[in-house]
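The values are calculated or read from the model by the stated rules, or taken from the named source; none is laboratory data. Just so we're clear, the structure is a prediction, and the values are computed from it rather than from any experiment. All Cβ positions, glycine included, derive from the backbone under ideal geometry; neighbour counts span all protein chains shown. Side chains included, ligands, DNA and RNA excluded: accessible areas come from the protein's heavy atoms. Shrake-Rupley method; radii C 1.70, N 1.55, O 1.52, S 1.80 Å.
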Amino acid sequence: MKNDLALKLHEIVHSGVKTPFYYYDTSLLERTLHAARASSDQYGFVLHYALKANSNESLLPLIRQWISGADCVSGNEVQFAFNNGFPSEGIVFAGVGKQDDEIDLALNLDIACFNCESAEEIEVIQQRAARLGRKARIALRINPGVDAKTHHYITTGLEENKFGINLWELESILDLVNSCDHIELKGLHFHIGSQITSLQPYKSLCLRINEVTTWFENRNIRLEHLNAGGGLGINYQHPDEEPIPDFNTFFSLFHRFLRLRSGQKLHFELGRSLIGQCGSLISKVLYVKKGLHTNFVILDAGMTELIRPALYQSFHKIENISSNGANLIPYDVVGPICESSDCFGKAVFLPETKRGDIIAIRSAGAYGEVMASRYNLRNLVRSVI
Ligand code: LLP
């Protein structure tokens with residue numbers, strides 16, 4: 001971690017802010033948003049912010065300055081995005097299990113698009129829209145059968161996953177859409193997974209999208225937009241070396257391999273790549289305890305504040321920002337929760353660590369605070385900006 005940031009974090013803790021808390025570096029966030037916009041603007045691509053990655057209300061005004069679209073996956077997210085200034089015409093609503101009242105809410109707000117995931121969902125949206133006297137704009141979320149080569153819990157683009165409409169269903173889905181007078185088909189939606197660090201799956205996705213759009217073109221269907229989802233990964237190992245993902249390479253790949261028809265727009269829904277690196281979970285060492293084969297550093301933060309290591313065995317860089325001793329010792333860094341999976345890292349090399357030291361768990365801006373819980377009746381984690 002850069003020295004000035006470490007100093008700032010010490011100041012925050014010494015001013016009385018109780019650990020654990022999330023700290024967000026808004027200057028890095030702004031530089032990241034700027035980089036994403038500068039790259040995507042070159043090609044006229046449209047960006048949506050995937051609210052599920054982090055919906056901290058203090059960050060949304062800054063995000064909205066750069067990105068006016070919002071990707072939502074629940075009625076509450078749709079309402080929250082709208083209340084926080086994302087205009088209806090930028091809001092898209094995805095998810096395999098949209099409830100009737102969530103659909104009504106989105107219809108009443110006249111959002112840009114429902115990303116539909118099944119035949120039955122399309123039928124329900126048709127019924128709800130007819131009842132409310134509205135027309136629903138939809139995109140079909142297609143399961144492209146592309147392997148994102150990421151953790152299997154965050155892979156979404158394979159037939160075995162619950163997401164999207166399979167290619168072999170397209171003919172019957174299209175007949176259904178044509179029979180629905182309160183539905184307008186506007187586009188296609190794809191999302192193959194998250195924390196994707198190789199561009200190869202995205203190239204395969206582009207080629208698959210070209211095939212699918214040709215299929216529609218052959219049936220004289222004009223699609224206003226294509227949405228390639230999100231998923232661009234971040235560098236968890238070296239957050240300081242690569243604080244901002246390589247948006248140029250990412251967007252230029254789509255420009256190169258995805259064939260857009262005239263007037264057709266390409267949309268993206270980015271979460272982690274925009275917000276991941278700007279957040280750290282800040283915690284204090286409660287105890288250092290000798291184990292049989294290892295020493296445990298026991299933090300006041302646990303899986304209730306950041307569940308990713310327990311749930312996906314994910315790596316987050318862990319730093320002791322109170323000590324810069326050169327002699328590194330391996331520790332198992334764990335939380336206080338009554339679960340063995342409440343472990344942030346095994347054999348983490350840290351300088352000699354003692355009670356009261358401040359620990360930063362890096363790259364926790366995405367899917368950190370939003371996935372926090374009150375398990376063990378703990379207080380919900382705070383945040384500082
Ligand atoms: N669009 C759709 C339809 C999605 O399902 C997601 C994420 C995104 C966009 C944004 O993906 P991103 O750019 O953030 O990768 N909790 C997991 C990640 C779950 C991702 C869910 N969907 C984690 O902590 O790694």
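A few comments on the model shown:
- Where trypsin sites (Lys or Arg not before Pro) fall in DSSP loop in segment 10-69, at most 15 other Cβ within 10 Å: 18
- Each peptide in 74-86, 166-178, 225-237 gets a packing score, the mean of other Cβ atoms within 10 Å over its residues, and the list from highest to lowest is 225-237, 74-86, 166-178.
- Amide H partners (placed H, <5 Å) of residue 50, local residues excluded: 71, 270, 271
- Cβ-based charge dipole, the chain, positive-most Cα from 88, 205, 294: 294
- Amide H within-cut-off set for residue 137, under 5 Å, with H built and near neighbours excluded: 114, 184
- Charge dipole (segment 26-276, unit charges on Cβ, about Cα centre) - positive-most of 53, 32, 150: 32
- Label-to-label distance, residue 292 versus residue 14, with points set 7 angstrom from Cα along the beta-carbon direction: 4.2 nm.
- Straight-distance candidates among the lysines for linking to residue 289, with alpha-carbon spacing under 24 Å and chain neighbours fewer than 8 residues away dropped: 18, 317, 346, 354.
- Radius of gyration (Cα atoms) of the chain, expressed as a multiple of 2.2 N^0.38 Å: 1.06.
- FRET efficiency, 1/(1 + (r/R0)^6) with R0 41 Å, evaluated for residue 84 and residue 127 via beta carbons: 0.85
- Most mobile of 355, 137, 308 in a GNM of the chain (Cα contacts under 10 Å): 355
- Close amide H partners of residue 295, meaning residues 5 or more places away or on another chain with modelled amide H under 5 Å apart, are 332.
- With the cut-off at under 16 Å, measuring from each backbone N in segment 92-108 to a point 7 Å along the Cα-to-Cβ line of residue 265 picks out 92-93.
- Additional length obtainable on full extension of the chain from residue 135 to residue 224, 0.36 nm per residue less Cα span: 30.4 nm
- Nitroxide proxy distance, nm - points 7 Å out along Cα→Cβ at residue 119 and residue 101: 3.0
- Solvent accessible area, Å² - residue 261, 1.4 Å probe, full protein context: 50
- Expected 222 nm ellipticity per residue - DSSP helices of 4 or more, -39500 (n - 2.57), all of the chain, to 500: -9000 deg cm²/dmol
- Nonlocal Lys pairs with alpha-carbon distance under 21 Å, segment 26-276 (8 or more apart, or different chains): 10
- Loop-located GluC sites (Glu not before Pro) in segment 313-383 (DSSP state other than H, G, I, E, B) with a sparse environment of at most 16 neighbouring Cβ atoms within 10 Å: 339, 352.
- For the chain, the Cβ-based charge dipole about the Cα centre amounts to some 740 debye (Lys, Arg positive; Asp, Glu negative; other atoms uncharged).
- Residue 340 paired with residue 30, simple spin-label distance in nm, labels 7 Å along Cα-to-beta-carbon: 4.8
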